[in-house]
Every structure is written in structure tokens, then in C-alpha cells.
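For reference, the structure is listed below as C-alpha cells.
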Amino acid sequence: SGAFLVYGANGVIGRYNAYNHEEEQVVIGCRGSIGNVVLTKPKSWITSNAMVIKPKSPSSVEKSWLFYAIQSTPLRKITGGTSQPQITAKDVNKLVVMIPSKDEQLKISRLLSQLDERIERELGALRLLGREKTGYLQSMI
């Protein structure tokens with residue numbers, strides 16, 4: 001119930017009164033719910049069920065672009081574990097991602113972010129339509 005978001009393997013799982021990461025981070029679920037990629041908010045707490053992705057050359061990579069780049073990577077192919085699936089740092093270090101110029105990264109992430117926002121608006125409209133339709137059908141019964 002604190003002021004800062006807590007991120008686990010599946011994204012936001014709660015709030016806490018402290019944070020362990022000052023800046024936004026790209027994280028992937030690494031235990032249980034593996035492969036879920038999230039761009040966190042600044043000043044957040046990231047649990048050990050999520051792994052922070054840090055490029056070898058951070059100054060050349062926009063985090064918003066890295067989020068989309070990692071999201072499009074087939075993370076399930078590097079999954080290990082038997083009873084509980086997991087991704088290890090050793091596995092993630094094997095990933096190779098071609099990095100375009102910073103300008104290109106910004107163009108790509110801006111475009112994909114706009115598409116994500118549009119998809120969310122459309123899904124919201126569909127959910128609202130579904131509720132209205134359900135309410136209409138219930139009033140008919």
C-alpha cells in the first residue's frame with residue numbers, strides 16, 4: 001500500500017513504501033511467468049522474479065525501444081527449468097539484438113507506442129460495448 005509500484009514476473013503486483021530502481025527499467029519475467037516484458041515506471045521496486053535487462057552500451061539504447069526489441073525476441077527458446085520454467089542471466093546474455101541509430105530507435109518506439117495506445121482504446125471500446133450488450137440482453141430476459 002505504499003507510494004511505489006512493485007513489479008514481479010507478470011508486471012505490477014502491488015505497491016511498497018520504498019523503491020530499488022530510480023529510473024524506468026526494461027524487465028522480463030524470469031521465474032514462473034517467464035517472458036513477460038515490461039517497461040517499468042521510474043522509482044519502482046523490482047522483485048527477484050523479474051530480471052532487469054541492461055544493454056552492454058546503455059548510452060546507445062533508448063529504453064522504450066529496448067522494451068519493444070526484447071518483446072519481439074523469442075524468449076521461450078531460451079527457457080530452462082523443469083518443474084518451474086525460468087530464464088537465467090546466462091541465457092539472456094546470449095541474446096543478440098541489432099541496434100539501430102538513436103533517431104531510428106525513437107521513431108520505432110514512438111510508432112509502436114502509438115499503436116499500443118490505439119489497441120488499448122479499441123479494446124476499451126469493445127469491453128464497454130460488451131458490457132452494454134450484456135446489460136441490454138439481461139434487461140430482455
Expected single match for surrounded by fewer than 15 Cβ atoms within 10 Å (Cβ to Cβ) and more than 30 Å from G2 (Cα to Cα) among L106, L75 is L106
Evaluate the following for S113: is it assigned to a helix (DSSP H, G or I) and either touching a residue at least 24 places away in the same chain (Cβ under 8 Å) or hydroxyl-bearing (S, T, Y) (or both)? yes
Could you list all residues from region 1-24 that are open to solvent by less than 50 Å² (accessible area, probe 1.4 Å) and assigned to a loop (DSSP other than H, G, I, E, B)? G2, A9, A18
On the basis of being in contact (Cβ under 8 Å) with a residue 40 or more places away in the chain, exposed (fewer than 15 other Cβ atoms within 10 Å of the Cβ) and within 20 Å of M98 (Cβ to Cβ), does S60 make the cut? yes
Restricting attention to region 88-101, does a residue exist that is outside any loop (DSSP other than H, G, I, E, B) and polar (S, T, N, Q)? no
For the subset of region 25-52 comprising residues that are in contact with a helix residue (DSSP H, G or I) (Cβ under 6 Å, 6 or more places away or on another chain) and modelled with pLDDT of 90 or more, which member is most open to solvent (accessible area, probe 1.4 Å)? L39
Tell me, yes or no, whether region 30-49 has at least one residue that is in a loop (DSSP other than H, G, I, E, B), under 23 Å from P100 (Cα atoms) and more than 11 Å from the chain's Cα centre (by Cα). no
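The values are calculated or read from the model by the stated rules, or taken from the named source; none is laboratory data. Everything quoted here is computed from the prediction, not taken from an experiment. Neighbour counts are summed over all protein chains in view; Cβ atoms, including those assigned to glycine, are modelled from backbone coordinates with ideal geometry. These accessible areas exclude ligands, DNA and RNA; they are computed on the full protein's heavy atoms, side chains included. Shrake-Rupley method; radii C 1.70, N 1.55, O 1.52, S 1.80 Å.
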